[in-house]
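Structure first, then comments.
The values are calculated or read from the model by the stated rules, or taken from the named source; none is laboratory data. Worth saying up front: this structure is predicted, and the values here are computed from it rather than measured. Cβ placement follows ideal geometry from the backbone for every residue including glycine, while neighbour counts extend to all protein chains displayed.
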Amino acid sequence: MDGAGVLAPEGRWLASWVAAGRHGTMEYMARTLDARVDPRKLLSGVASVIVLAAEHTRQDPRRGPAPGSIARYARGRDYHNVLGKRARVVARLLRSRGHEARSTVDSAPMFERAWAGRSGVGFSGKNCCTIVPGLGSHVLLATVLTSARLEPDAPIPPRCGSCRACLDACPTGAFAGPFELDARRCVSYLTIENRGPIPEPLREGIGDRLFGCDECQEACPFCRTAPPPEGATAPFALDRRWVESDATTFLRLDDASFAELTRATPLRRPGRSGMARNAAIVLGNAGSAVHVPVLAEAARSDPSPVVREAAAWALRRLRDRLG
Ligand code: B12
Ligand code: SF4
Ligand code: SF4
């Protein structure tokens with residue numbers, strides 16, 4: 001789309017979101033507000049912004065009732081790498097034709113969903129996600145800024161109508177209203193971005209989720225399309241290392257084995273202690289006496305105080321539930 005100019009209404013929305021503190025501890029959102037709404041800060045001669053959307057897997061693991069689910073986008077290779085490569089191909093093509101070009105996949109401060117909306121790639125649902133007609137919101141985004149003046153596509157008008165299924169489906173009540181997410185209550189934030197303890201009142205809502213959350217997308221009628229054939233989303237296909245792991249695995253890992261298990265996947269982001277903290281909460285919620293020994297060991301000797309506290313909480317929760 002013709003991108004010369006700033007994201008004015010979207011920028012005001014973003015600024016008010018940050019001013020309300022809804023970004024929690026994601027300080028980078030506050031620090032980079034200017035660049036997020038003005039792409040000239042990233043490429044001074046920008047005339048157009050190209051948005052790429054790639055569908056990720058919707059495959060489920062076949063592994064029985066072991067506790068610990070992982071958000072769909074994170075079940076295979078890291079999208080920053082996969083989409084980064086694809087976006088760089090587009091940028092190189094533009095440069096080979098004499099234009100300036102810079103690609104980003106959440107690797108620079110771009111307001112990606114806002115550009116997806118402006119470019120007609122999709123529209124923002126009440127769950128905040130970019131919904132691509134025919135695919136739903138199980139897509140990841142990348143952008144290419146360029147000095148090339150391209151013919152813009154028209155934005156797609158919002159299509160949610162009176163539906164509010166996503167808002168009602170959220171396990172932690174993270175929506176302050178339609179289109180308005182308070183990240184501080186979102187399972188995705190709590191399990192991936194947040195480095196400290198997860199607030200106690202929200203732990204039950206974490207349920208079985210070890211990393212991220214898909215509930216507000218699962219509830220969405222636009223996501224009830226046929227899943228793509230496995231080959232089409234190949235880089236995001238289920239990673240064997242993850243399929244063979246569950247919450248107990250993540251509670252037992254040391255730093256080196258965590259690095260090996262999560263190499264080139266998004267699961268690296270919370271770090272070993274973040275994933276072990278999440279695992280303890282998942283096991284507390286699972287309600288099985290089988291997990292008492294692994295939790296007791298973590299409560300006693302995990303090097304991280306955040307993990308020890310989460311494991312102690314899980315043991316208390318199991319005791320209350322099992323007697
Ligand atoms: C910070 C962040 C998070 C935070 C905050 C999420 C949020 N809703 O803001 C947390 C950690 C919670 C998170 C969670 C997730 N994230 Co995230 N995240 C980001 C990041 C880095 C910035 C998002 C941002 O700018 N937030 C600020 C708020 C204000 O933005 P927003 O609510 O999305 O704004 C839109 C709507 O609310 C709407 N809107 C609402 N009111 C109004 C009013 C006006 C006037 C206007 C104009 C617009 C408007 O328009 C906005 C633009 O579309 C982007 C990458 C990037 N660089 O952009 C990825 C990104 C948005 N995340 C992504 C994904 C996949 C997820 C998860 C699905 C992961 C998961 N399964 O666990 C969840 C979804 C949660 C949800 N329902 O939003 C994808 C989005 C894919 C998609 N189809 O939308 C992105 C684009 C990464 C990528 N490159 O693919 N994420
Ligand atoms: S990702 Fe999960 S916790 Fe976050 S808003 Fe959606 S349903 Fe709620
Ligand atoms: S569940 Fe309904 S309200 Fe929410 S994004 Fe989908 S269509 Fe919109």
Problem - Condition check for C128: surrounded by 15 or more Cβ atoms within 10 Å (Cβ to Cβ), in contact (Cβ under 8 Å) with a residue 12 or more places away in the chain, within 13 Å of ligand 3 (Cβ to nearest atom) and on the phi > 0 side of the Ramachandran plot - result: yes
Handout entry: Yes/no for I192 being of a type in the set (V, I, T), modelled with pLDDT of 95 or more and either touching a Phe, Trp or Tyr at 6+ places or on another chain (Cβ under 7 Å) or part of a helix (DSSP H, G or I) (or both)
Key = yes
Handout entry: Selection from region 10-43 of residues that are over 26 Å from G173 (Cβ atoms) and either modelled with pLDDT under 95 or assigned to a helix (DSSP H, G or I) (or both)
Key = G11, R31, L33, D34, A35, R36, V37, P39, R40, K41
Exercise for the section: Being assigned to a helix (DSSP H, G or I) and among the polar types (S, T, N, Q) is the filter; apply it to region 271-323 and report the residue that is surrounded by the most Cβ atoms within 10 Å (Cβ to Cβ). Expected result: N278
Completion exercise
Reported set for region 1-20 where residues are over 24 Å from E100 (Cβ atoms) and surrounded by 12 or more Cβ atoms within 10 Å (Cβ to Cβ) is W13, L14, A15, W17, V18
Exercise for the section: Answer yes or no: is there a residue in region 159-167 that is charged (D, E, K, R), within 13 Å of ligand 3 (Cβ to nearest atom) and not assigned by TED's automatic domain parsing to the domain that holds L14. Expected result: yes
Fill in the blank from the handout: Per the filter on region 186-199, residues within 14 Å of the chain's Cα centre (by Cα) and not aromatic (F, W, Y) are C186, V187, S188, L190, T191, I192, E193, N194
Handout entry: Residue in region 237-268 that is surrounded by the fewest Cβ atoms within 10 Å (Cβ to Cβ), counting only those that are among the aromatic types (F, W, Y) and touching a strand residue (DSSP E or B) at 6+ places or on another chain (Cβ under 8 Å)
Key = W242
Exercise for the section: All but one of (1) within 23 Å of the chain's Cα centre (by Cα); (2) in the same structural domain as L94 (by TED's automatic domain parsing) hold for S69, so report the exception by its number. Expected result: (2)
Practice task
For R118, work out the one condition from (1) buried (at least 16 other Cβ atoms within 10 Å of the Cβ); (2) more than 20 Å from the chain's Cα centre (by Cα); (3) at positive phi it doesn't fulfil.
Solution key: (3)
Handout entry: Yes/no for D34 being in contact (Cβ under 8 Å) with a residue 24 or more places away in the chain and more than 10 Å from ligand 1 (Cβ to nearest atom)
Key = no
Problem - Residue satisfying all of: in region 83-111; surrounded by fewer than 22 Cβ atoms within 10 Å (Cβ to Cβ) and under 21 Å from the mean Cα position of the chain (by Cα); farthest from ligand 3 (Cβ to nearest atom) among these - result: K85
